[in-house]
Every structure is written in C-alpha cells, then in structure tokens.
Ligand SMILES: Cc1cc2nc3c(=O)[nH]c(=O)nc-3n(C[C@H](O)[C@H](O)[C@H](O)COP(=O)(O)OP(=O)(O)OC[C@H]3O[C@@H](n4cnc5c(N)ncnc54)[C@H](O)[C@@H]3O)c2cc1C
C-alpha cells in the first residue's frame, strides 16, 4: 500500500453506527495524534479497556505521523522494526524499513482492529481547558479541511503528539539565502516536483535524515555533498536479521520470531549501550572500524567521521549495509566538514574560504521540539506553563489532572515505551474504575519537597541540538522515583508494570 491509499480505503469502511459515534460530545479518553504512539494507544484501549469510548484526533489527513510528514527520497527507520514495531504485531520484513513499509504495517493494525472508526483526521486540537468542577477537559478543535470549529469534552487526555513540530522544520538563517538561485528545501517539507536528477546537490547536516536521504539522492543526482559542521556517529549493520531468517526456515510462527528476535536485539543493544557509556573509546573504535573498512586508510575519517562527543550522547543512526559510505566510495558523495559563511547565487561560501556549487540545497538541519502538540492548556482558568511542572515517570505532570503523554526512548526504539505506557494507562483506568474515582493528579509528597529538580533530559547524558534549544520549555524531573524521566527500557519494563498507585504521589478524587 502506498501512503495516502490506506486512509481512503479505511475511511470507505465507515458504517452508519460509526458516524453516529462521531457525534458524541463527551469521550472517556481522547487520544491526540495518529502516529505510531496514537495508533498504539488506540490498540491498547480497544484491547484492554473495551468499554471506554474514545476518539483519536489527528491534524493531518492520514495516519502515520513522522512517516507521513517525512516524504523525502529514501525516508526510512533508523532503528530495527522488531523493536520499533509493536509488541503485539509481528514484523516480517527486513530490520530497517522504508516509510511506506512502516505505513503499511500501521494500516494493517488499523484494519485488523477496525480502529479507523475511532480516528478523526484533519482535526487539530488548539486548546484544552480542565474544569475541576466538571471533572473534564474541554477541547477546541479546528478542522483543517473545512476550517470548522469543533468542541468536545473528555475525561482523559492521552497525548500522542510526538516531540517535534510537524508543520515546519528547523532551518537556521544564513546570510545570502535569498540570493541563491536554486531551491532550498527542508526534508520535512519535501515538494513532490523537486527536480534533482543529474543536479549538484548540497545537503546541510549529517544526522539520521541526511544519512538516509543522501544514498537515495546519490542514485539520481550528478553529485551530492554532505556539508557538516561537525561529525556524527553512524552504526553500520547488514539489513538482514540472521536469527529471524533461520527461525523462519524452521517454520517457527511469526509471533515467536518477532518475540525472540526482539528480545535478542534488546539484549544486544543493552550491551552496546553499556559499552558506549562505560568504555566510550572502545565503542568509538567499534563504530569507526567498519567505516574504515569501506573507505580505506587514505580517507580522512578523523576529520569527517570521528565526533568530539562520546558515543550515545546523541541518537546513533543505523546505516544499513553501509550504503552512505558505499556512495562515498563510488565518488557520488563527498563530505565537507566546515562552517557556512554565506549563500551565493551559485552555492555556498564556507568559512575556510572554499565554495560549494549547488543547483539544490537541502537543509537536513533538524526540527523544533513541540511541547504537547502546541496546544494552549489551562486548568481552572489558569494558563498551564508545563515548564513549571515536574514529571511523574515521564508520562504525567504535577498538578495536571487526567493527562497522560507518550514520550518514547531516544536510545531505544520509541515504540517500546508506547506499549509500556499502554499497559500502565489501562491499569490506571481499571484502578480508578474499581475505586470509584474520576480524577488522578500527580502531586509531590512531603518527603519530595527537598528533592533536587533537574532538566527533562540531563544534558550530560543526551544533548542533540533540538533538545538543547527547547529543554527549558519542558517539565522538570526529580532526583528520585517516581519523578525521574529518561530511564531505560530495561529498567522501565520492570518499574512501570509494578508502579504503585498508592505510594502517595498520585492524588485520586
Ligand atoms: C525521519 C525520522 C526517522 C525516525 N526514525 C526513528 C526510528 O527508526 N526509531 C525510533 O525509535 N524513532 C525514530 N524517530 C523518532 C520518531 O519521531 C518516533 O519514533 C515516532 O515516530 C514518534 O511517534 P509519535 O506517534 O509519538 O509522534 P509523531 O510521529 O510525531 O506523530 C504525532 C502525530 O500527532 C499529530 N499532532 C500533533 N499535535 C497535534 C494536535 N495539536 N492536534 C492534532 N494532532 C496533532 C501530528 O500531526 C502527528 O501525526 C524518527 C524521527 C524522524 C523525524
């Protein structure tokens, strides 16, 4: 299935009762966002809390979130789909998947469980206000197709809005950009009619997006230059999972293959992460070794691929079969490590004095983070400043009632946390139901009063540019549980299912 087709097909399956459903004013749970988190949340609600009336509101015309927004050539995952896929839906393809394969996988989840009847596309949530008297959220929603204004109320908000602004990517401004004769394109807003065949293209940036885009462009452009200010780590791996292939040869059911391979990858990754954190120099050498093998001893690896920061301080992009480096070896791609002085009519002038000619410039310069989907929140008439709150386990916030959010792992696949939060949320709903309470609000206990407050993410631990630019807008975390954030999957797979709702950190009313 191609992106865009799924939605038409799914929408055609809508039935009369479903349309009636859409007219409901009040929902038990409102999920914001139909990306991999929102569809996962819908699955868990559907499966674990079938009595809950819920809707997913999505501002785009289709599901997929990140995989809908990023339409540039070569867009693909940078982690394996055995762990990026849901725990409940076996992944049967190659470990690294294209955006179309991920969208197809998500469309199957939606179709298998008939989730489309819960999803309302082109519904942008603009504001949400909590009323303690009414014990509910009131939502203002704008329909992006008709401009119509819609109001809804919901007992619970399950925020699956992702972590960055989808409407526009992050492009720094450089002197002379308006002089450049060709197009300057951010990968987040890739035009379908961009002409790059047989052209000279400069891609600014060397993160995961550049690493996936460049090998695809290299097949059709005259030449691609990857222009980076500083080097990034890459993780070269074959895009084959031998354990999965062996199990399939033995006719092992796909559910088993998925679970076994998932566990194996998690174990391997935990070991790699430990190595990177405890023995960074050894990890650095392990990451550079396969690059040296492809590019040879004469290539200046030190300048272009040996970062100053320690491995894992930023997400490491997986490069399947080393395709980026093979394209460099073939001479189709060159790497320049320098800083931009200014744009000229024909390209880019660098601070070293060198110039790069370009027909097209791609700014793979990242994105801007968005806190809770840029929705204006208020509580009993007071504007909510999320940066003044403290997170409860990275999924709720002090003094913010009945609101859960999904924020995935940076070092492990995002979706691992989608499933854990799905279980946590449904267990919380069941607990509240069985105790006859309607509202849950995280609140510091007296013993937490002296707790040290820290940034949402420790900059010593994880410090990409997009996080550094926005961390001040995010809630704080505490120095002890249950107020810590950014823990590992290995830890949370034990702590989240065991979280004690009666430890005094959650106020039920
Ligand atoms: C190019 C790229 C590749 C990536 N690859 C990986 C990978 O391989 N592995 C990995 O673990 N992570 C990866 N990530 C991180 C990735 O963002 C997450 O893995 C995951 O896609 C996040 O899913 P999500 O559903 O939480 O958010 P998103 O995918 O961001 O989706 C959020 C959805 O919410 C909607 N929304 C937001 N605000 C509102 C609102 N106010 N009203 C209505 N709807 C709203 C958006 O339109 C969007 O559809 C990648 C990120 C990028 C940009």
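The values are calculated or read from the model by the stated rules, or taken from the named source; none is laboratory data. Since the model is a prediction, treat every value here as computed from it, not as a measurement. Using ideal geometry, Cβ is built from the backbone for each residue, glycine included, and neighbour counts are taken over all protein chains shown.
With the condition kept exactly as written, say whether any residue in region 164-172 is away from the ligand (no atom under 16 Å from the Cβ), surrounded by fewer than 21 Cβ atoms within 10 Å (Cβ to Cβ), more than 19 Å from the chain's Cα centre (by Cα) and not assigned by TED's automatic domain parsing to the domain that holds residue 413.
yes
Just checking, how many residues over region 104-124 are closer than 17 Å to residue 81 by Cα and within 11 Å of the ligand (Cβ to nearest atom)?
Residues meeting the conditions: 1.
So, in region 379-419, exactly how many residues are out of contact with any helix residue (DSSP H, G or I) (no Cβ under 8 Å at 6 or more places or on another chain) and within 15 Å of the ligand (Cβ to nearest atom)?
Qualifying residue count, region 379-419: 4.
Quick check on this structure: which one of 27, 14 is at pLDDT below 50, more than 30 Å from residue 218 (Cα to Cα) and either more than 9 Å from the ligand (Cβ to nearest atom) or not assigned by TED's automatic domain parsing to the domain that holds residue 416 (or both)?
14
Just to be sure, is residue 210 over 25 Å from residue 63 (Cβ atoms) and in contact with a strand residue (DSSP E or B) (Cβ under 9 Å, 6 or more places away or on another chain)?
Yes; evaluated as a whole, the condition is true for this residue.
Looking at region 449-466, which of its residues are loosely packed, with under 12 Cβ neighbours inside 10 Å and within 30 Å of residue 317 (Cα to Cα)?
460
Against the definition (over 30 Å from residue 141 (Cβ atoms), part of a loop (DSSP other than H, G, I, E, B) and touching a strand residue (DSSP E or B) at 6+ places or on another chain (Cβ under 8 Å)), how does residue 303 come out, yes or no?
Criteria not met by residue 303.
Hey, does region 450-466 have a residue that's within 26 Å of residue 264 (Cα to Cα) and assigned to a loop (DSSP other than H, G, I, E, B)?
yes
Condition check ((1) touching a residue at least 60 places away in the same chain (Cβ under 8 Å); (2) surrounded by 19 or more Cβ atoms within 10 Å (Cβ to Cβ)) across all residues:
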residue: 230; (1), (2): yes, no
residue: 237; (1), (2): yes, no
residue: 263; (1), (2): no, no
residue: 276; (1), (2): no, yes
residue: 280; (1), (2): no, no
residue: 292; (1), (2): no, no
residue: 306; (1), (2): yes, no
residue: 316; (1), (2): yes, yes
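For the structure I just gave you, tell me whether residue 142 is free of Cβ contacts under 8 Å to residues at least 60 places away in the same chain and either outside the structural domain of residue 437 (by TED's automatic domain parsing) or within 12 Å of the ligand (Cβ to nearest atom) (or both).
So residue 142 passes the test.
Okay, residues lined up against (1) out of contact with any strand residue (DSSP E or B) (no Cβ under 9 Å at 6 or more places or on another chain); (2) within 29 Å of residue 263 (Cα to Cα); (3) modelled with pLDDT under 95:
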residue: 421; (1), (2), (3): no, yes, no
residue: 427; (1), (2), (3): yes, yes, no
residue: 439; (1), (2), (3): no, no, no
residue: 445; (1), (2), (3): yes, no, no
residue: 455; (1), (2), (3): no, no, yes
residue: 464; (1), (2), (3): yes, yes, yes
